Each structure stands twice: as C-alpha cells, then as structure tokens.
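So the structure is just underneath, and the comments pick up after that.
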Amino acid sequence: MILLTGFCFLYGNVCHAEEKGFEKLRKESVKIKTLQADFTQKKSMKILSRPLVSQGYFYFAMPDSLRWEYIKPLKSVALSHNQQARRYMHSDGKWVEDKTNGVQAMRIVLSEIAGWMNGRFDQNPSFKATVIGKENTCIILTPVEKKMKGMIERIEINLAPQARVVQSVKILEGPDNITQINFSNVKMNHAIDPTIFKDVR
Amino acid sequence: MRRHLLWIVIFFLSSCQTLPIINAPSSPRKEKSFVCPDPFLKRNYRLVHAIEARLDGRVQSQIIGITLALPDTRSVSCAIITVEGMSLFEAEANPHGINVKRALPPFDSKDFANNMMEDIKLIFLAPEGVLQNRGYLADGSKACRYRQENGGWIDVIENESGETQIKRYSSSEVLKRDVRFSGTHKQLYQRIGLQADAKFDYFLLMNLIEDQPIKKQAIKRN
C-alpha cells in the first residue's frame, strides 16, 4: 500500500512535470511567427540497401499555414491555409491536383505538423506525448489506438536547443521501417510571401 | 499525355482482339537465327520507381515502388511508399506463395497483393511455361508466345524499332495486361507502362528513380 501510494505520488509528479514541460514549450513557441527550412528525408526499410533520400522545402506561418514541398526524387506540394488542404503532383511537366481521399489524410497530417510548430505536441488524443530532456528536448508521440499502433510505432520530434524549433522528426513504422526528416537552413520570423501557401507555382 | 492516351486507346482496341497469329520465320536460315525478345532481368536487382496511377487517363496518385527481383529463385519482394515516406504495402512472393507483411487501405485486399506480385513477375522475370510459338506478327514485330500453367498466354514482342512489349492473355484469350518498355536496351526499365484490364481498368506509368544490382550475400543478410 505504501509502495502503491509512493508510485502514485511519483507518477503524479512526472505527469505534472510533463504538463509543465509542454506548457513551457507552448509559451516558447509563441515567438515563432514564420519558419522556413530545407529538409532531407531518409527512408530506411529492410528492402532498401541504402536509405531512399528525398529533398524539399518547408514553410510555415502562424497560425496554421503550411507548404510542404518535395523537389526530388518526385515533385509534390502539399498546401494548408485557412484549414483547407490541397496536394499537387507533378506529371508530364504540369502540376495536377490530387482529388483522391488521400488529401483528407494529408489535411490531418498538415494540421498536426502546424500544431507542432505552435508547440502543441500533446493535443492529439490519438497519441500519448512524452517530453524528454531540457536543453536537447525530444518529444515522443506514441499511438494510443490499436489501429494506429499497427501503422506507426512512435514519432520522435527533436527540438533545436535554443530556438525550440523542430530540428528533426523520426517516424518509426516498425523496427526496420524508419523515416527520418532533418531540417536545415532554418530561418525564423523572416517574411514569407503569403501566396506560397495558396499557389503551387 | 498524348502518348499515354495513345497507349490506352491502343490497349482498348487490342483488348477486343483474340490472340494474334504468329507466323513462323519464313526460311530455315531465319528460323535458325531467330532469338526470342528477352527484356527480363538476368541477375538480382533492386529497382526504385516513381509510379503514377491513372484512371480514365487522369493521374490519380503518385507513389514510390521498390522492387527486389531475384530471377534465379523466381522471388520478388516489393514495397509501396508514399512520397512522404509512409509505407502502404510490403510483400514478398516466391514459388511457394505470397507473404504480405504490411497492407494499409486501399492496398489491403488479397486480390491486390496477388495481382501486384503477378504484375511484378510479368515485368521483370522471364515467363514460366512452354514456348508455344515464335515468329513474326502481321506488322513485322518479333514475337514469342508462352503457354502458362493456368491456361493463360504471355506474348513477348519486339517491334521493328526495337521497342519491347509483354502481353498477358487469360485462358479465354482476353488481353489482361499490356506492358510497354520505353527505355533503351541499356536502360530498359527507365520508363514502363502497364495497362490493366481489371475490375477497374487502370494504367501505371513507372519512371525509374534508381536501380542497383545486388549480390547474393546481400540478399541473405536482408
């Protein structure tokens, strides 16, 4: 009984510390008005002998405008603005809008990423969020629902030590199935042309 | 775009036909020197393609397809991932059967896995079965016809410009798949078109991202 009480006490403290941690991250992210960065995505799977590397650009403006653009090996752009998401594929030299149900899934993903940029790491009920470290902060998102667990094992988000912007994201779909996204050339609070979130160009 | 539409029109026109007649080489000398078109892998390869799926000529989606093909053992493994890196489908097939490791909707039906693995084998592995006919089609293309165990047919064709095509017919002689290679002999798998006659007719356009020969030891490690 004493052990149980002790456990509850400790567990309660951990939760409280975690809530404080997330609250701190939310407060710190208020400083972020816009973000732009290059990214490199490395997909590792058992079937691949070396990771499949993709590259692109990322743009974000408060509160939820996003542009997620791949330039290679395939050109593709996902836009999110005013809670509307669109996705474009590049085919035969032209941009073609994706009209499939996949856009719906993309909208959810983009809204989630926008949430991370706002410091809202613990707002999605589908994931349990844990914050680790102080200077080198890592947020671990673990799926709560069984259905989601079959798709994603966990997501690890690493924040840059000082600016508190997302530095890298690691998505583990299985032990040998990992997507690592590293951001570079990060520019915070630089002016971004608003059309970048509306037009595929 | 026009080129793809042309392929689709050609497919629909040809799908109304029965198996075309293959005329035997006209002389014993031609018969002796006749070599069947052979666009298939001779050694183990890993290929990564950007795949565009089209319905009614319109691009529906773009995905990345990874294929590991082992001609010696007639084994293939494949994975489909989104541009964003999400794995949608992973499976392997060998002469003993298919093992689906991961299949998210809409790739989670058994038919999808079977068709997918059969299509990969059709494109990359030499046909099984008996060589039934060899010679020339009416348009002068070189053709070899293989009878499959299930009663179906596979024609491997090379036209006079050197373009290679694989056609799979059902046992009732209905054209089910039409594969066209647009790459050169050196880079045959650079651009592959696959037109399918299925529940929903679709067209897949595969553009090579990277390819890599693989050693047997490397496969064992996998």
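Each value in this text was obtained by applying a stated rule to the coordinates, not by laboratory testing. This structure is a prediction, so every number in the text was calculated from the model and none was measured. Ideal geometry is used to build each Cβ from the backbone, glycine not excepted, and the neighbour counts take in all protein chains shown.
Pull up the cross-link candidates among the aspartates and glutamates for residue B:199, meaning alpha carbon to alpha carbon under 20 Å and not fewer than 8 places away within one chain.
B:52, B:56, B:108, B:111, B:118, B:119, B:173, B:178
Rounded to the nearest Å, what's the spacing between the alpha carbon centres of the range A:158-192 and the range B:111-126? Just the number, please.
37
Cα axis of helix A:102-117 to longest principal axis of chain A: angle in degrees, 0 to 90, nearest 10?
Between the helix axis and the principal axis of chain A, the angle is about 60 degrees.
Taking the Cα centroid of the range A:32-87 and of the range B:26-97, what is the distance between the two, rounded to the nearest whole Å?
Using only Cα atoms to place each centre, the spacing works out to 28 Å.
For the range A:91-201, what does the convex hull of the Cα positions come to per residue, in cubic angstrom?
Working: hull volume 17.4 nm³, N = 111.
Expressed per residue, the convex hull around the Cα atoms of the range A:91-201 is 157 Å³.
Along Cα→Cβ, 7 Å out, is where each label goes; now give me the distance between the ones at residue A:53 and residue B:161 in nm to one decimal.
Each label point is offset 7 Å from its Cα along the Cβ direction, giving 3.6 nm.
For the Cα atoms of chain B, what angle does the longest principal axis make with the long axis of helix B:2-15, in degrees from 0 to 90, nearest 10?
Relative to chain B, helix B:2-15 is tipped by roughly 60 degrees.
What does the convex hull of the Cα atoms of chain A come to per residue, in Å³, rounded to a whole number?
148
If the cut-off is 13 Å between C-alpha atoms, which aspartates and glutamates fall inside it for residue A:147, apart from same-chain ones fewer than 8 positions away?
Those aspartates and glutamates meeting the cut-off are A:173.
Cross-link partners among aspartates and glutamates for residue B:42, C-alpha distance below 16 Å, same-chain residues fewer than 8 apart left out?
Those aspartates and glutamates meeting the cut-off are B:72, B:128, B:211.
Dividing the convex hull volume of the Cα atoms of the protein assembly as shown by its residue count, what figure in Å³ per residue is obtained? Could the numbers behind the result be given before it?
Working: hull volume 73.4 nm³, N = 423.
Normalising the Cα hull of the protein assembly as shown by residue number yields 173 Å³.
About its Cα centre, how strong a charge dipole does the protein assembly as shown have in debye, to the nearest 20, once Lys and Arg get +1 and Asp and Glu get -1 at the Cβ?
Values: 61 positive and 45 negative charges, 140 e Å.
Once rounded to the nearest 20, the dipole reads 680 debye.
If I stretch the segment between residue A:40 and residue A:193 completely, what's the gain in nm (0.36 nm per residue apart, minus their alpha carbon distance), one decimal? Don't skip to the answer; put the middle values down first.
Working: separation 153, 0.36 × 153 = 55.08 nm, distance 2.29 nm.
Value of the extension gain: 52.8 nm.
What is the log10 of I(q)/I(0) for the range B:47-131, computed with the Debye formula using one identical point scatterer on each Cα and no solvent, at q = 0.17, 0.26 Å⁻¹?
Those come out to -0.72, -1.40, one per q.
Between residue B:19 and residue B:101, 0.36 nm times their residue separation minus their Cα-Cα distance comes to what? Walk me through the numbers before you get to the answer.
On the way: separation 82, 0.36 × 82 = 29.52 nm, distance 3.68 nm.
Fully extending the segment from residue B:19 to residue B:101 adds 25.8 nm.
Report the FRET efficiency, 1/(1 + (r/R0)^6), for residue B:132 and residue A:153, where r is their Cβ-Cβ distance and R0 is 35 Å, rounded to 0.05. All intermediate terms of the calculation are to be shown ahead of the outcome.
Details: r = 50 Å, r/R0 = 1.43.
Calculated transfer efficiency: 0.10.
From the cross-link list A:99/A:198; A:31/A:128; A:94/B:101; B:121/B:186; A:94/B:167, which pairs have alpha carbons spaced over 23 Å apart?
Details: A:99/A:198 16 Å; A:31/A:128 25 Å; A:94/B:101 35 Å; B:121/B:186 20 Å; A:94/B:167 30 Å.
In this structure, A:31/A:128; A:94/B:101; A:94/B:167 exceed 23 Å between Cα atoms.
With an 8 Å cut-off on Cα pairs and a minimum separation of 6 or more residues, tell me the relative contact order of chain B in percent. Kindly include the intermediate steps, with their values, before the conclusion.
On the way: 457 pairs, mean separation 47.5, N = 222.
Averaging sequence separation for qualifying contacts and normalising by length gives 21 percent for chain B.
Mind checking the range B:28-80 for trypsin sites (Lys or Arg not before Pro) that DSSP puts in a loop (not H, G, I, E or B) and that have at most 15 other Cβ atoms within 10 Å?
Numbers: sites: B:29, B:30, B:32, B:42, B:43, B:46, B:54, B:58, B:74; in loops: B:42, B:43, B:74.
Counting only loop positions with at most 15 other Cβ atoms within 10 Å, the trypsin sites (Lys or Arg not before Pro) in the range B:28-80 are B:42, B:43, B:74.
Roughly speaking, what is the stretch gain from residue B:190 to residue B:210, that is 0.36 nm per residue apart minus the C-alpha to C-alpha distance, in nm to one decimal?
Values: separation 20, 0.36 × 20 = 7.20 nm, distance 0.90 nm.
Working it through step by step, the gained length comes to 6.3 nm.
Quick one: dipole size for chain B, taken about the Cα centre, charges +1 on Lys/Arg Cβ and -1 on Asp/Glu Cβ, in debye to the nearest 20.
Working: 31 positive and 25 negative charges, 134 e Å.
So the dipole magnitude of chain B works out to roughly 640 debye.
When the dipole is taken about the Cα centre of the range B:29-97, and only Lys, Arg (+1) and Asp, Glu (-1) are charged at their Cβ, what size is it in debye, to the nearest 20? Don't skip to the answer; put the middle values down first.
Details: 9 positive and 8 negative charges, 108 e Å.
Computed charge dipole of the range B:29-97: roughly 520 debye.
Which GluC sites (Glu not before Pro) from the range A:134-200 combine a DSSP loop assignment with at most 12 other Cβ atoms within 10 Å? Numbers along the way, then the final one.
Values: sites: A:135, A:145, A:153, A:156, A:173; in loops: A:135, A:145, A:153.
In loop regions of the range A:134-200 (DSSP not H, G, I, E or B), the sparsely surrounded GluC sites (Glu not before Pro) are A:135, A:145.
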